[in-house]
Amino acid sequence: MPIKTRQRFVVGNWKLNGNLAANAALLEACLVAETHPRKVLGVCVPFPYFGQLQLALAKSAVRYGAQDVSRFDQGAFTGEVSAAMVAEFGCQLALVGHSERRALFGDSDEVVAEKFGRAKQAGLTPILCVGETIAEREAGITEVVVARQVTAVVQKVGIEALAGAVLAYEPVWAIGTGKTASPAQAQEVHGFLRSFVAKHAVEIGSTLPILYGGSVRKSNAAELFGQPDIDGGLVGGASLVADEFLGIWQAL
Ligand code: PGA
């Protein structure tokens, strides 16, 4: 199979940022992005803004979604938002297992797997985030860590659930730090992740989009996206700056 036939993505992760006026300006910028059948531009935003995005993006190919979903379906879970609720607002994407959720809000591998399952069930495209801390990298266990994170999901929902999903490799030490993994460092882990998934299911491994995240900028995007197993980026800080985000999209 020739490389680069996989679907490619640039997805912004606004995190806990935004207001109606600033969002409107960013969405305007997204709307001028040229669409492409195999390239997806998306943004994952705080829950209260779904209505705004639904209106602003109604006639566009830009996708949007959540930064997290509940592991529960419904019931007495104060403060939670279910994947089905997210889907009702036209969302197509849902991040699960972002390192900030894992580190700050206690999302274990098992919880992440449950959230992944809920997103799938609701018809969303889950973007499963995995990645090692600097201590884990220095201890030489990067592959062990990302394999464990993927395995938890595969054990919970089955390998078939990865079909139509997206993986994002985000080394924790590169997130929001300005320290990007070098293209070679990132490619090494992406290649490992692809072959790890392919060991379970060849076809799913070869078609699975694997995004890189961690201080992606328009200045480094082209080199990262040029790696054989990097199918785009998950972008935090730079997704809040229209010119940066569009520059990254153009590098895809
Ligand atoms: P960053 O964040 O681009 O600001 O490093 C990436 C992410 O957390 O998804």
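Which numbered condition in (1) at positive phi; (2) over 18 Å from the mean Cα position of the chain (by Cα); (3) within 16 Å of the ligand (Cβ to nearest atom) is the only one that Gly214 fails?
In the conditions (1) at positive phi; (2) over 18 Å from the mean Cα position of the chain (by Cα); (3) within 16 Å of the ligand (Cβ to nearest atom), Gly214 misses (2) alone.
In this structure, is Gly226 out of contact with any Asp or Glu (no Cβ under 6 Å at 6 or more places or on another chain), within 23 Å of Gly12 (Cα to Cα), within 14 Å of the ligand (Cβ to nearest atom) and open to solvent by 10 Å² or more (accessible area, probe 1.4 Å)? First the steps, then the outcome.
Working: out of contact with any Asp or Glu (no Cβ under 6 Å at 6 or more places or on another chain): yes; within 23 Å of Gly12 (Cα to Cα): yes; within 14 Å of the ligand (Cβ to nearest atom): no; open to solvent by 10 Å² or more (accessible area, probe 1.4 Å): yes.
When the stated conditions are applied, Gly226 does not pass them.
Looking at segment 13-52, which of its residues are in a loop (DSSP other than H, G, I, E, B), more than 16 Å from the ligand (Cβ to nearest atom) and within 17 Å of the chain's Cα centre (by Cα)?
Residues of segment 13-52 in a loop (DSSP other than H, G, I, E, B): 14-19, 32-35, 37-38, 45-46.
Then keep just the ones that are more than 16 Å from the ligand (Cβ to nearest atom); that gives 19, 32-35, 37-38.
Hit for segment 13-52 is Arg38, nothing else.
Quick test for you: out of Gly178, Gly247, Gly232, pick the one residue that is free of Cβ contacts under 8 Å to residues at least 40 places away in the same chain and more than 11 Å from the ligand (Cβ to nearest atom). Talk me through it step by step, then tell me what you get.
On the way: Gly178 fails: more than 11 Å from the ligand (Cβ to nearest atom); Gly232 fails: free of Cβ contacts under 8 Å to residues at least 40 places away in the same chain.
The match here is Gly247.
Look through segment 25-62, keep the residues that are among the charged types (D, E, K, R) and touching a Phe, Trp or Tyr at 6+ places or on another chain (Cβ under 9 Å), and return whichever of them is most open to solvent (accessible area, probe 1.4 Å). Working first, answer last.
Taking segment 25-62 and keeping what is among the charged types (D, E, K, R), we get 28, 34, 38-39, 59.
Then drop every residue that is not touching a Phe, Trp or Tyr at 6+ places or on another chain (Cβ under 9 Å), which leaves 34, 39.
Working: Glu34: 152, Lys39: 59 Å².
Checked segment 25-62; the qualifying residue most open to solvent (accessible area, probe 1.4 Å) is Glu34.
Only one of Ser215, Ser219 is of a type outside the set (A, V, I, L, M, F, W, C) and open to solvent by less than 60 Å² (accessible area, probe 1.4 Å); which? Steps first, please.
Numbers: Ser219 fails: open to solvent by less than 60 Å² (accessible area, probe 1.4 Å).
Selected residue: Ser215, the only one of Ser215, Ser219 that is of a type outside the set (A, V, I, L, M, F, W, C) and open to solvent by less than 60 Å² (accessible area, probe 1.4 Å).
In segment 94-111, what residues are outside any helix (DSSP H, G or I) and either away from the ligand (no atom under 14 Å from the Cβ) or over 12 Å from Phe47 (Cα atoms) (or both)? If you could, list the steps in order and put the result at the bottom.
The initial filter retains those residues of segment 94-111 that are outside any helix (DSSP H, G or I), namely 94-98, 105-108.
Once the filter is applied, which keeps residues that are outside any helix (DSSP H, G or I) and either away from the ligand (no atom under 14 Å from the Cβ) or over 12 Å from Phe47 (Cα atoms) (or both), segment 94-111 yields Leu95, Val96, Gly97, His98, Phe105, Gly106, Asp107, Ser108.
Quick one: in segment 63-101, of everything that is β-branched (Val, Ile, Thr) and touching a helix residue (DSSP H, G or I) at 6+ places or on another chain (Cβ under 9 Å), which residue is most open to solvent (accessible area, probe 1.4 Å)? Step through it out loud before you land on a result.
If we filter segment 63-101 for residues that are β-branched (Val, Ile, Thr), which is where we start, we get 69, 78, 81, 86, 96.
From what is left, the residues that are touching a helix residue (DSSP H, G or I) at 6+ places or on another chain (Cβ under 9 Å) are 69, 81, 86, 96.
On the way: Val69: 3, Val81: 35, Val86: 0, Val96: 0 Å².
The selected residue is Val81.
What single numbered condition from (1) touching a residue at least 24 places away in the same chain (Cβ under 8 Å); (2) farther than 29 Å from Val45 by Cβ; (3) of a type outside the set (Lys, Arg); (4) within 16 Å of the ligand (Cβ to nearest atom) fails to hold for Phe192?
Checking Phe192 against (1) touching a residue at least 24 places away in the same chain (Cβ under 8 Å); (2) farther than 29 Å from Val45 by Cβ; (3) of a type outside the set (Lys, Arg); (4) within 16 Å of the ligand (Cβ to nearest atom), the one that fails is (4).
Looking at (1) in contact with a His (Cβ under 9 Å, 6 or more places away or on another chain); (2) modelled with pLDDT under 95, which is the one condition that is false for Thr177?
If we test Thr177 against (1) in contact with a His (Cβ under 9 Å, 6 or more places away or on another chain); (2) modelled with pLDDT under 95, just (1) comes out false.
The values are calculated or read from the model by the stated rules, or taken from the named source; none is laboratory data. Keep in mind it's a predicted model, so treat the numbers as computed, not measured. When we count neighbours, we look across all protein chains shown, and the Cβ atoms used for this are built from the backbone with ideal geometry, even at glycine. With ligands, DNA and RNA removed, areas are computed over all heavy atoms of the protein, side chains included. Shrake-Rupley method; radii C 1.70, N 1.55, O 1.52, S 1.80 Å.
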